[in-house]
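Report on one structure; see the data block that follows.
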Amino acid sequence: MALYFFIIELIKLTKTRNNAMHNLRDRFDKNSAIVKRSLKNLLDPDGNLPRRGKKPKFSDVEAIALSLLSESLMIDSENYLFKLLHNNYKEQFPNLIERSRFNRRRKTTSPFNREISHPYS
């Protein structure tokens, strides 16, 4: 149910219904804006949650936005998602991390993913 309301808000922001797969970068950017707005008090200026170690190339905001994008497009297979991005959108996602790192990042950010979806449920 929460995903349904998230998709409705995404459609309102993009104001197009016909270009679901053709403007992945635009939809990703809209998701990033929603994530930044929802987690603005928790993020550092680079869009990462506080942690020790090196600053990642692919920020936490981008990881959460990519996760929400795959859910909103009903892409269940991460393998398919990453093949799609690498084959067709490599220029638009230059800092894309590998799938195993995405899985780890998604696990660590899952509470925030639920926090973003909660107001829509």
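All of the numbers you see were taken from the coordinates with simple rules; none came from a lab. Predicted model only: the values in this text are computed from it and were never measured. All Cβ positions, even for glycine, are placed from backbone atoms using ideal geometry, and neighbour counts span all protein chains on display.
Some values worked out for this structure:
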quantity: For peptides 73-79, 106-112, sequence by mean Cβ density within 10 Å, most packed first; calculated: 106-112, 73-79
quantity: Among the listed pairs K54/K107; K36/K83; K36/K57, those beyond 22 Å (Cα-Cα); calculated: K36/K83
quantity: Calculated FRET value between K57 and R114, using beta carbons and R₀ = 22 Å, to 0.05; calculated: 0.30
